1. So if I check each of ALA141, ALA137, ALA156, ALA131, which one is modelled with pLDDT under 85 and either of a type in the set (Asp, Glu) or outside the structural domain of THR65 (by TED's automatic domain parsing) (or both)?
2. Just wondering, is there one or more residues in the stretch 13-24 that are closer than 23 Å to PHE168 by Cβ, without any contact (Cβ under 8 Å) to a residue 24 or more places away in the chain and among the small types (Gly, Ala, Ser)?
3. Can you pull out the residues in the stretch 250-275 that are crowded, with 16+ Cβ neighbours inside 10 Å and among the β-branched types (Val, Ile, Thr)?
4. Of the conditions (1) at pLDDT 85 or above; (2) assigned to a helix (DSSP H, G or I); (3) more than 23 Å from SER191 (Cβ to Cβ), ARG63 clears all except one; give me its number.
5. List the number of the failed condition for ILE27; all other conditions in (1) out of contact with any Leu (no Cβ under 9 Å at 6 or more places or on another chain); (2) closer than 14 Å to ALA107 by Cα; (3) β-branched (Val, Ile, Thr) hold.
6. Check off (1) closer than 30 Å to ARG214 by Cβ; (2) assigned to a strand (DSSP E or B) for ARG115 and give me the number that stays unchecked.
Amino acid sequence: MFNLIERRRWYFLISALLILPGIIAMIYSTVTLGAPFKLSIDFTGGSLLELRFQEPLDLQTVRATVSGQGFPEMTVQTVKDGRTLVIRTKPIDVATKKAIEAKLEEAFGPLEELRFESVGPTVGRETTRAAVLAILASSVATLFFIAIAFRKVPNAFRYGVCAVSKMFHDVLFLLGVASILGLLANWEVDSLFLTAVVTVVGFSVQDVIVVFDRIRENIGRRRGEPYETVVNRSLLETLHRSLATQLNAIFVMIAIIFFGGATIRHFMTTMLIGMVTGTYSSLFFAVPLLVVWEQGEIGRLFRRGAK
């Protein structure tokens, strides 16, 4: 029988390598930008104007056209072959918006308004508070549910703690990815990103509960086997089911990312990253963490890492 669990120290190292760059990026972003991520107008407040032109645009020319005309300071970028212009600025009224459009239409020809949004920062605060409360509530519920469902297994509370630790492992990785992409690709965190994180949390515990449930069954069936062998057997028995279930969802997300609308692309990309990370952490973080804890290896693991 192939032993996956014996390589658990490598899995912890991989998890560290996945999470540490994101933590460093969040610290750097906080120092330089004042926030761990590049925030959208959902959090900062302001206006977003998206326009489509018939011909590709040159950003330098666009900036020169709108600067010094009495308009608020704005950030401009092009998407979709350079014909779609996205303008982010401080809150503006309809009259100012029309003045900006008139100036751009005069310089670059006919345009089509695709989107105009004005939001206040309270939207971001309320969404963030709801997301944090949802994650904390799901953590507590998961902890007590597993502790009750696994009450006939020795140290049942540890199963719940490992499941919750896996959940925060996935959330921390997603936050780190958002921070890195904000620095490298101007990826902005908005309310849809928080929705994706909460959704990933919901999926996050599903796989690990399946594996833990098989461990519970095999502990009763194979009382003479060492605990590590029982866990490894359970992991191998559920591996194909976990991969098959998650791959089905992953393929659908990839299709939506490539063929869906641009407005949900960031949301689906976040979901995809969370699903892939969640599949890994269910099998190769939460389960090895349980084995390390059950066999009293946590102290030795830290001592070996220090050496």
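1. The conditions single out ALA131.
2. Scanning the stretch 13-24, I find at least one residue that is closer than 23 Å to PHE168 by Cβ, without any contact (Cβ under 8 Å) to a residue 24 or more places away in the chain and among the small types (Gly, Ala, Ser), so the answer is yes.
3. ILE250, ILE256, ILE257, THR269, THR270, ILE273
4. (1)
5. (2)
6. For ARG115, the exception is condition (1).
Residues are listed down the side, and each one gets a yes or a no for (1) of a type in the set (Lys, Arg); (2) farther than 19 Å from LEU194 by Cα:
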residue	(1), (2)
THR89	no, yes
ALA95	no, yes
LYS98	yes, yes
GLU105	no, yes
GLU113	no, yes
PHE116	no, yes
VAL119	no, no
ALA131	no, no
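To keep it simple, each residue is scored yes or no on (1) β-branched (Val, Ile, Thr); (2) touching a residue at least 12 places away in the same chain (Cβ under 8 Å); (3) surrounded by fewer than 19 Cβ atoms within 10 Å (Cβ to Cβ); (4) at positive phi.
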{"site": "ARG115", "(1), (2), (3), (4)": "no, yes, yes, no"}
{"site": "ARG129", "(1), (2), (3), (4)": "no, no, yes, no"}
{"site": "LEU143", "(1), (2), (3), (4)": "no, yes, yes, no"}
{"site": "ALA163", "(1), (2), (3), (4)": "no, yes, no, no"}
{"site": "THR195", "(1), (2), (3), (4)": "yes, yes, yes, no"}
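The values are calculated or read from the model by the stated rules, or taken from the named source; none is laboratory data. Keep in mind the model is a prediction, meaning the values are calculated, not measured. Note that each Cβ is placed from the backbone with ideal geometry, even for glycine, and that neighbours are counted across all protein chains shown.
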